[in-house]
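Only one structure is covered here, and it is reproduced in the block below.
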Amino acid sequence: MLTIGVLGLQGAFREHKQSVEACGHEAIIVKKKEQLTEIDGLVLPGGESTTMRRLIDKYDFFDALRQFEQSGKPIFGTCAGLILLAKKINGQADAHLKLMDMVVERNAFGRQRDSFETQLEIKGVADDFEAVFIRAPFIAEVKENTEVLATYQDKIVAAQQGQFLAAAFHPELTDDHRLMQYFIDQVKKNKLKLATN
Amino acid sequence: MSNVGTNRVKRGMAEMQKGGVIMDVVNAEQAKIAEEAGAVAVMALERVPSDIRAAGGVARMADPTITEEVLNAVSIPVMAKARIGHIVEARVLESMGVDYIDESEVLTPADDIYHINKNDYTVPFVCGCRNLGEAVRRIGEGASMLRTKGEPGTGNIVEAVRHMREVQKQIKEVSAMAEDELMVYAKEHGASYEVLLEIRKNGRLPVVNFAAGGIATPSDAALMMHLGADGVFVGSGIFKSDNPAKFARAIVEATTHYDDYELIGQLSKDLGTAMPGIEMNTLGEHDRMQDRSE
């Protein structure tokens, strides 16, 4: 059994925890940076990215999260989590964790009245994934090292780069755990790899 | 094919606000202070509740100039208040692109019998409740988020505590009921049987429930989180305090780490004077905003 952490500073972390548990693994809510050493993979949940960033800074999570990344462990960001991962955010002078080689656009589909749900084809995961987009971002640019997993109206809404997985929508708001299972499979592979090295 | 305004999209928006603080603001400058302090959303108003209370008269939807100013000032979601039952104020706010509408007893009700049928709207609504019956009626009308009513603009937490405890107690009662008992409960509380069944099955409300109405200090915010709130609204508390930016940051942190008492102690130091409060028994029947709707 794997232990997956869900960053619990703000947002829909309870739903991600339930999703991990539904996949048969242990989930812990990470509120203190010391907890990062106990986990095999980390989920950055949906919420408000500006709020999460403030709390990340306040509690010295910034360096701890970058250290976690350097240990080679996988990170999965959804919506605000995707924004936290990006190297560049359009219209903002600075980005947050800058771990994934991508440019993102915030609130890219409009305000709340434009939020929507749709069926998505996600490469290697499903061809009928129910995706809920809430004031969602999209990925405006990726580099060659990043694999595009899903697009909606020609905009990139899911991508993977090495140990990082990012989705612009909210898999945790549905009972469809296939994307979480996909992430957990990556964590499992990674753990074996780290153990043999 | 895609669908807008579904229950999942409307309720999901409130799920993303969990563990956060939503702050009342009356202009762009305050909105920016709130965003900078880590608010998950702002509520754009013409006057904060304590000023509405002081001004008296009829309180209505804010001048759209103010709402627009706030919408343009921040990247976090913007909420705004419409009068209870005022279908047109709500449609105007929806057309402006407001992210959430509060059908609020803080404003003077436009309809003393009917609330807005919120299922008709693409934009989600938050409504106040004092007990489970009221909560379930609002959910039946299409509210995607709830909050305690408390007693707005008083800086006195006692009513919000009463309302949160009452809802939590009644959820426990309902969870232990047989179906025949639940039907009678539905009748007695004027609540939808189907929604009650769902609450019984999951042991919780189907939508997020925030605390509101009287939160004045970081400890107040943490108290409401202890009692089961998913997050907090702070109305007059922040911008009626001596140092709003510091106060706002302290409330955000106390809400995140509501069980870290040492931290809350640190946060509460040298905050200056909190807003002056009002004792409940000094309020006349007509001053009680929470009793303006059922």
- Scan the range B:114-156 for residues that are modelled with pLDDT under 95 and β-branched (Val, Ile, Thr) and report the count. 1
- Task: Could you check residue A:151 against (1) assigned to a strand (DSSP E or B); (2) in contact (Cβ under 8 Å) with a residue 40 or more places away in the chain; (3) not basic (Lys, Arg) and say which number it fails?
- Result: (2)
- Query: Just checking, how many residues over the range B:87-110 are buried (at least 20 other Cβ atoms within 10 Å of the Cβ) and in contact with a Pro (Cβ under 8 Å, 6 or more places away or on another chain)?
  - Reply: 5
- Query: Given the structure, is residue B:69 within 14 Å of another protein chain (Cβ to nearest Cβ), over 24 Å from residue B:185 (Cα atoms), of a type outside the set (Val, Ile, Thr) and out of contact with any His (no Cβ under 6 Å at 6 or more places or on another chain)?
  - Reply: no
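From the list A:62, A:68, A:76, which one is modelled with pLDDT under 95 and in contact with a helix residue (DSSP H, G or I) (Cβ under 6 Å, 6 or more places away or on another chain)?
Details: A:68 fails: modelled with pLDDT under 95; A:76 fails: modelled with pLDDT under 95.
A:62 is the lone residue from the list that is modelled with pLDDT under 95 and in contact with a helix residue (DSSP H, G or I) (Cβ under 6 Å, 6 or more places away or on another chain).
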- Between residues in the range B:74-101 that are within 8 Å of chain A (Cβ to nearest Cβ) and in a helix (DSSP H, G or I) and residues that are of a type outside the set (Gly, Ala, Ser) and open to solvent by 40 Å² or more (accessible area, probe 1.4 Å), which pairs lie under 9 Å by C-beta distance while being six or more apart or on different chains? B:94/A:113; B:94/B:122
- Can you pull out the residues in the range A:50-81 that are at the interface with another protein chain (Cβ under 9 Å from one of its Cβ atoms) and in contact (Cβ under 8 Å) with a residue 24 or more places away in the chain? A:51, A:52, A:53, A:55, A:59, A:79, A:80
- Note on the structure: Screening A:140, A:150 for residues that are farther than 15 Å from residue A:41 by Cβ, crowded, with 16+ Cβ neighbours inside 10 Å and more than 14 Å from every other protein chain (Cβ to nearest Cβ) leaves only A:140
- Message: What's the total number of residues in the range B:123-151 that are open to solvent by less than 10 Å² (accessible area, probe 1.4 Å) and part of a loop (DSSP other than H, G, I, E, B)?
- Response: 8
- Task: Select from the range A:10-34 the residues that are of a type in the set (A, V, I, L, M, F, W, C) and more than 11 Å from every other protein chain (Cβ to nearest Cβ) and write down the one among them that is farthest from residue B:225 (Cα to Cα).
- Result: A:23
- Task: Among the helices (runs of 4 or more DSSP H) lying completely within the range B:202-294, list those that include at least 1 residues that are open to solvent by less than 10 Å² (accessible area, probe 1.4 Å) and under 17 Å from residue B:53 (Cα atoms).
- Result: B:236-239
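The values are calculated or read from the model by the stated rules, or taken from the named source; none is laboratory data. No experiment lies behind these values; they were computed from the predicted model shown. Every residue, glycine among them, receives a Cβ derived from its backbone with ideal geometry; neighbour counts consider all protein chains shown. SASA here: full protein model, heavy atoms, side chains in, ligands and nucleic acids out. Shrake-Rupley method; radii C 1.70, N 1.55, O 1.52, S 1.80 Å.
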